[in-house]
Structures are given as structure tokens and as C-alpha cells.
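Engineer: Quick one: the structure is below, and I'll ask about it shortly.
The values are calculated or read from the model by the stated rules, or taken from the named source; none is laboratory data. The structure presented is a predicted model; accordingly, all values stated were derived computationally and were not measured. Here Cβ is always computed from backbone atoms with ideal geometry, including for glycine, and neighbour counts include all displayed protein chains.
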Amino acid sequence: MRLVEELRSAAGAQFLELMMQNGNAFHAFTEDALAYLGQWETLAYYREPLPSAVDERLAAMMTRLLAATPAEREQFQQALAAAQRALFGVFGHRAATLARRQESREWLRWGLLGTAVANSIIPPRRNVDVALVVFHHVARQLGINTVDLFDEVADFAGGAIAERLR
């Protein structure tokens, strides 16, 4: 409580209220994302046209995650069920395809982050490097420095996957 009082007196009640709203906003984002992802199965997402409204929605989630704190990103990843993480794996490769078609670094970055979210928990027998090859390939086709791209996403990924991206 003392920290709250110090913040309130040092920065004013508006700052503290804003901090609390941001926490609530991220919680609301997480709940909304989980509800949306819960409506989709991997196979149904594969069958969607490219691009689709689902791609746009997951790209918006990536944008929000990029703006989140490390603790918020960790909270988001821990809230995901395995089937929901799998959707981000599908998104990753779809986004890489869109990046190539549209010559878009942003789609490539979103896709790589989506793949990182999908692999935030790496099963023992999964070879994550195979999933990452497509991003390296598309980045080279687009003239994007692969080291910079992978390092940038690693900063947001956290966990074991961050080490694989570096």
C-alpha cells in the first residue's frame, strides 16, 4: 500500500488510474483473444482464404503483444491452451506467405512472433528450426536482414524460443 500511496502523491491519482486501466485493458485483451481463438480449430483456419479476417485478427493480436510488457506477454502465453497456440503456428506461416506476396516486413515480423507464441512451450521431439526456415527464406527474398529480424522478435518472444531465434 505504501508504494501505491507514494505513486499517488508523486505522480498524481491520474497516473495510478492510468496504470490500473492499462492492466485491465490487457486483461480484457487476453480474455477477448482467448474467446476468439476458442472458436477456431486448426484445420478450419488452414481452409480459410488467404488473406482472411482471421489473419487480420491474429495480426492485430501480434501488434498488441508487441506493445505489451514482458510480464503481460508471459501472462498471455501461459493463458493459451495447446490448440490455441497451434493457431499461432498456422498464422505464422500464413503471415510469411502474405509477407512475400505483399513484400511486407510487418507481416513477416508478425508471423515470426506468432510462430514464437506457438512454440512458447517446445515439446521434446519438436524441431522448431524447421518452422523457422520459412521466415529466414522470405526475409532473404525481401532483402531483410535476418539477424536483425530474428533478434527483434527474440526480444519479444521470451523463454526457450527466444534463445532459438538468436
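Engineer: Select, from Arg126, Arg101, the only residue that is assigned to a helix (DSSP H, G or I) and among the charged types (D, E, K, R). Before the answer, list the steps.
Structural biologist: Details: Arg126 fails: assigned to a helix (DSSP H, G or I).
After ruling out the rest, the residue left standing is Arg101.
Okay, residues lined up against (1) closer than 20 Å to Ala59 by Cα; (2) in contact (Cβ under 8 Å) with a residue 24 or more places away in the chain:
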position: Arg109; (1), (2): yes, yes
position: Leu112; (1), (2): yes, yes
position: Asn119; (1), (2): yes, yes
position: Pro124; (1), (2): no, no
position: Asp129; (1), (2): no, yes
position: Leu132; (1), (2): yes, yes
position: Ala139; (1), (2): yes, yes
position: Leu142; (1), (2): yes, yes
position: Val147; (1), (2): no, no
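Engineer: Go through the range 141-161 and report how many residues are over 21 Å from Thr69 (Cα atoms) and either outside any helix (DSSP H, G or I) or among the aromatic types (Phe, Trp, Tyr) (or both).
Structural biologist: So the first thing to find is which residues in the range 141-161 are over 21 Å from Thr69 (Cα atoms), and the list is 141-147.
This time we only want the ones that are either outside any helix (DSSP H, G or I) or among the aromatic types (Phe, Trp, Tyr) (or both), so: 142-145.
Within the range 141-161, residues that are over 21 Å from Thr69 (Cα atoms) and either outside any helix (DSSP H, G or I) or among the aromatic types (Phe, Trp, Tyr) (or both) number 4.
Engineer: Can we say Ala99 is small (Gly, Ala, Ser), free of Cβ contacts under 8 Å to residues at least 40 places away in the same chain and crowded, with 23+ Cβ neighbours inside 10 Å?
Structural biologist: no
Engineer: Would you check which residues across the range 129-145 are of a type outside the set (Gly, Ala, Ser) and exposed (fewer than 14 other Cβ atoms within 10 Å of the Cβ) and list them?
Structural biologist: Asp129, Val130, Val133, His137, Arg140, Gln141, Asn145
Engineer: Then there's this: Looking only at the range 83-95, which residues are hydrophobic (A, V, I, L, M, F, W, C) and under 14 Å from the mean Cα position of the chain (by Cα)?
Structural biologist: In the first step, residues of the range 83-95 are kept if they are hydrophobic (A, V, I, L, M, F, W, C); the result is 83, 86-88, 90-91, 95.
Within the range 83-95, Ala86, Leu87, Phe88, Val90, Phe91, Ala95 meet the criteria.
Engineer: With the checklist (1) modelled with pLDDT under 95; (2) of a type outside the set (Lys, Arg); (3) under 30 Å from Leu98 (Cα atoms) in hand, flag the one item Met20 doesn't pass.
Structural biologist: (3)
Engineer: Next up: Answer yes or no as to whether His136 is part of a helix (DSSP H, G or I), out of contact with any Cys (no Cβ under 8 Å at 6 or more places or on another chain) and over 18 Å from Ser52 (Cβ atoms).
Structural biologist: Here the answer is yes, as His136 does meet what is asked.
Engineer: Now, a different point. List pairs: first residue in the range 29-42 and without any contact (Cβ under 8 Å) to a residue 60 or more places away in the chain, second residue small (Gly, Ala, Ser) and surrounded by 15 or more Cβ atoms within 10 Å (Cβ to Cβ) anywhere in the structure, Cβ distance under 7 angstrom, at least six positions apart or on different chains.
Structural biologist: As it stands, the answer is Thr42/Ala86, since those pairs meet every condition given.
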